[in-house]
1. Just wondering, is there one or more residues in region 481-489 that are buried (at least 21 other Cβ atoms within 10 Å of the Cβ), modelled with pLDDT of 95 or more, assigned to a strand (DSSP E or B) and within 23 Å of the chain's Cα centre (by Cα)?
2. Taking region 635-644 only, how many residues are closer than 28 Å to D605 by Cβ and either open to solvent by 10 Å² or more (accessible area, probe 1.4 Å) or among the aromatic types (F, W, Y) (or both)?
3. State which residue pairs qualify: first residue within 22 Å of R565 (Cβ to Cβ) and open to solvent by 20 Å² or more (accessible area, probe 1.4 Å) and inside region 645-666, second residue of a type in the set (D, E) and in a loop (DSSP other than H, G, I, E, B) in any location, beta carbons under 9 Å apart, and separation of 6 or more residues or different chains.
4. Please go through region 121-143 and pick out each residue that is more than 21 Å from the chain's Cα centre (by Cα) and either modelled with pLDDT under 95 or in a loop (DSSP other than H, G, I, E, B) (or both).
5. Restricting attention to region 220-233, report how many residues are surrounded by fewer than 23 Cβ atoms within 10 Å (Cβ to Cβ), part of a helix (DSSP H, G or I) and among the charged types (D, E, K, R).
6. Filter region 195-214 down to residues that are closer than 19 Å to N106 by Cβ and open to solvent by 60 Å² or more (accessible area, probe 1.4 Å) and give me whichever is nearest to the chain's Cα centre (by Cα).
7. Just name the residue that is farthest from the chain's Cα centre (by Cα) out of those in region 551-575 that are part of a loop (DSSP other than H, G, I, E, B) and of a type in the set (A, V, I, L, M, F, W, C).
Amino acid sequence: MKTENCISRKEFLKRTSLGACALSLGLPAFAGQDKQVPNVNRWRLSWQPERPCRLSATTHRLAQRGLSGEFGRSLANAGWSFPESQDASLSASQKYALAAMSVAQNAPLRILPGELIAGSATLLESANHVTPLLNIGSTSHTTLGFEKVLGTGYRGLRAEINERLQRGGLDEHGTDLLQSMLKTLEAASVWQNRNIKLLEKQMENAPAEDQLSCQRLIDTLQRVPEHAPGSFREAVQSLWSMYAFQRLMGNWSGIGRIDRMLYPYLEKDLKKGIITTDEARELIAHFWIKGTEWIGASANPTGDAQFYQNVILGGTDRDGKEVTNAVTYLILDVIEELHISDYPAAVRLGRHTPEKLFRRIAEVQRFGGGIVSVYNEDVVIEGLIKFGYPEEEAREFTNDGCWEAIIPGKTAFTYWPFDMMQSFFRALNLDREQETPLEYTDFKSLYGAFVSELDKEVANMQHALDTRYSDADNTTPLVSMFVEGCIEKGKGYYGRGPKYSVNGIHAGGVTDVANSLLVLKKLVFEEQCIELNDFVKILRNNWETGEGMRRLIRNRFTFYGNDERESDAMMCRVFDDYTAIVARVKERNGVLRPCGISTFGREIDWRMMRKASPAGGRTGDILATNCSPSPGTDKKGPTAVLNSYCKMNFTNCCNGATVELKILPESVKGENGIKALVALAKVFREKKGFYMHVDVVDTATLIDAQMHPEKYPNLPVRVAGWSARFTTLCREWQDMVIQRTQQTV
C-alpha cells in the first residue's frame with residue numbers, strides 16, 4: 001500500500017547517494033532536505049514486498065534521521081576532567097559512582113521535537129564499549145534484570161539496597177559496593193532531572209500544538225523510572241530510561257523479554273480506554289528508533305549494529321503459560337515497517353506457539369535483514385534443566401545480548417572460544433614445522449588422537465577458568481544492582497555476586513573437523529587411495545601439489561548439511577565427543593561451564609592460522625560459521641540443512657549452536673512464500689534444532705552493495721547474533737556473508 005509518506009526508488013537513490021557523499025566528508029547527511037517527504041527506510045529492494053504504512057510521518061522522519069547516522073556521528077568523547085580517577089584513596093566502586101555522577105551532570109543531552117521517549121546515550125566512549133571518564137572496559141554479553149526494576153522503580157531498588165545495608169554482616173568491600181550503588185542511582189536521577197529541565201526549556205518556545213505532548217513527556221519523566229509505571233506510556237519510558245543510562249555508562253546489555261514486561265500495562269490501558277493500539281505501536285516505534293542512536297559511531301569491522309541490544313519475544317513463562325501477546329505483534333509491525341535492525345529480535349518457538357505467530361514471523365522475515373531469528377524453546381529449556389537449572393528458571397531464559405541462553409537478571413556471563421581445527425591439526429602433526437611421520441594404522445586410532453588433543457585443549461581452558469573471575473579491577477555498581485545476588489552478597493558482577501556466574505566453553509570449526517575426518521576415513525583408511533603421510537604432505541603445501549585431488553574431494557563428497565547419513569553421522573560423533581568432554585566439569589570454583597558451538601565471525605581471524613583442510617579448504621579460506629555447513633557444500637536446500645543440523649542432541653549443548661540460512665527472495669514471494677517460511681520454522685521446531693537465523697537476501701544484491709555502497713545505506717544482513725548494515729562491514733566480513741550458500745525454499 002502506498003501513501004503520502006512513501007517515496008519513489010528514484011528519489012531514494014538520489015537522496016541516499018548525496019547522504020553517503022556527505023557522510024564520507026563528515027557532513028550532516030540530510031542537511032537542507034525537504035522534511036515533508038522523509039522515509040529513506042520506506043524504499044524497498046526490487047525483490048521485497050510492499051511495506052505497510054501504519055506509523056505517522058513524524059515517526060518516519062525520526063527513523064530516517066536515526067538510520068542516516070546523524071546521531072551517531074554527533075557523539076563526542078567526554079571532554080571534561082575527572083581528577084577523582086587518580087585519587088588512590090578512593091576504591092574502584094567509589095570512582096565508578098563519582099564517574100557516573102559526573103557523566104550525569106555533564107553529558108550532552110538530546111531531545112528532539114516529536115519524540116515520544118526522552119533520553120539519549122550521547123558519549124562516544126559508550127558506543128565504543130568503554131566506561132566514560134574511567135576509560136576501562138564496560139560490561140556486555142548479559143541481560144540485566146530490567147523486568148524486576150521496572151516493577152519496583154528505582155525507589156524499590158534503593159529500598160532493597162538500604163535494607164541490606166541496615167541488616168549488616170557485609171565486609172568492607174560489600175558495604176562500599178552498596179553505598180556506591182546508592183550514589184550511582186542518585187546519578188541516574190540527576191541525569192533524568194536534566195532531561196526534564198531541558199524539556200521545560202524547549203516547551204517555552206514550542207508551538208501551542210506541541211506543548212501538550214511536551215508536558216505529557218515531562219509528567220512521565222517526573223514519575224519514572226523513580227516509581228513503578230502506572231501506564232503503558234510510563235512503562236515504555238521507564239524501560240528506556242533505565243536502559244539508556246546503562247548505555248550512557250558504556251554497558252551493552254540485552255533487553256530481554258520485552259513483550260512480557262510491557263503487556264500488563266498495555267492490557268490495563270486498553271481496557272480503560274486510555275490508549276489505542278495505534279498509539280501503543282507509535283510508542284514502541286519510538287523505542288525502536290532510540291536503538292539507532294549509535295549508527296555511524298563505530299568503525300568496527302563487524303558492522304555498526306553490534307551493540308548487543310537483543311530482545312526476546314514469545315515463549316512460555318516460568319509457569320509454562322504462553323507469553324505471546326499484543327505487544328509481540330506490535331513489535332513485529334514496527335520491525336516490518338521501519339526495518340530497523342539494531343534490536344535483533346529472537347522469537348521463542350515451542351509446542352504452545354500460536355499459528356498466527358508463525359505466520360507473522362514469516363511475513364517479517366521475507367523483507368530480509370535477518371532481524372527476526374528463532375529459538376526452539378523446548379530444546380533450550382530441556383538443555384538448561386539437564387545442565388542443572390531449576391525448571392522455572394530455565395523457562396525464563398533469554399540471551400546474553402547475542403544468542404547464548406542465560407537466565408536474565410541473575411547471570412554474569414562470558415565465554416571462551418577456541419578453534420577445534422587446531423586440535424585436529426595437532427593430531428596430524430601439522431602444528432610442527434618439521435614433518436613428523438604419522439603411524440595411525442586405522443581411522444579409530446587417528447580419531448582417538450584427535451579426541452585426546454581436544455580433551456587437552458578443554459582441560460587447559462577449564463584450568464584457566466578457575467582463576468578468571470575477579471572484582472578487583474572491574475567493579476560495576478550500576479550493572480551489579482540489576483543482577484540478583486549482588487546486593488544480598490555484597491559482591492559485584494565480576495566477583496561471584498550474581499546467582500549464576502557462567503563461562504561457556506565454545507568450539508568453532510566443528511563442521512570443518514567433521515568434514516575433514518570423513519575425507520580421511522574414506523580416502524585413506526577405507527579406500528586406501530592415498531597414504532596418510534602423503535596426504536598430510538599435500539596439506540602442508542596448501543594443496544599446491546594436489547589440486548586434482550582437491551577437486552575430486554569437492555565434487556565427490558557430500559558433506560554435512562545435505563541430510564546424508566555418513567557425513568551427518570561424523571558430525572554427530574564429533575559433536576557428542578566434544579559435548580561429553582566439556583560436560584565433565586559443569587561447575588568449579590563457583591563458575592558454571594556450559595558447552596557451546598560458535599564462531600561469531602572468528603572464522604575470518606582463524607583462516608590464516610589454519611592449515612589446509614582435508615575437505616578441500618586452503619589456508620585463508622573462510623570456512624563454516626557456527627554450526628552451519630561449510631560455504632557451498634550444502635547443495636540440497638534448506639530442509640536438508642535443517643535435517644542434518646537437527647540430528648545433533650542440542651540438549652547437551654545448552655549454551656547454544658546456531659544454523660544460518662540465506663534464502664533466495666524469489667522463492668518466498670506471495671502466499672506460497674510465506675507458507676514455505678512457516679514450514680521451515682516448523683521443521684526446525686519439530687526436529688529439535690536450537691537456534692536459527694533466516695536471512696532473505698539476493699547474493700547479487702550483496703555483490704552490488706559491495707561495489708556501490710552509496711546505493712544501500714540501510715541494507716541489513718544477519719552476521720551472527722546480530723544484524724549489521726552490510727555496507728558498514730569490512731570486505732572480509734562482507735565476503736563471508738556473500739559466500740553463504742543461496743538456498744531456495
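1. no
2. Number satisfying all stated conditions: 1.
3. K647/D563
4. T122, P132, L133, L134, N135, I136
5. 1
6. The first filter runs over region 195-214 and keeps only residues closer than 19 Å to N106 by Cβ, leaving 195-199, 201.
Checking the rest, the ones that are also open to solvent by 60 Å² or more (accessible area, probe 1.4 Å) come to 197, 201.
On the way: K197: 35, K201: 38 Å.
Ranking the candidates gives K197 first.
7. To start, the set of residues in region 551-575 that are part of a loop (DSSP other than H, G, I, E, B) comprises 557-564.
From the residues that got through so far, the ones that are of a type in the set (A, V, I, L, M, F, W, C) too are 557, 559.
Details: F557: 34, F559: 29 Å.
Looking at the filtered set, the residue picked out is F557.
Quick grid of which residues meet (1) in a loop (DSSP other than H, G, I, E, B); (2) closer than 24 Å to P417 by Cβ:
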| position | (1), (2) |
| --- | --- |
| S516 | no, yes |
| C529 | yes, no |
| N542 | yes, no |
| T545 | yes, no |
| M549 | no, no |
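The values are calculated or read from the model by the stated rules, or taken from the named source; none is laboratory data. Nothing here was measured: the structure is a model prediction, and the numbers come from that model. Reconstructed Cβ throughout: ideal geometry from the backbone, glycine too, with neighbour counts over all protein chains shown. Accessible surface areas use protein heavy atoms only, side chains included; no ligands, DNA or RNA. Shrake-Rupley method; radii C 1.70, N 1.55, O 1.52, S 1.80 Å.
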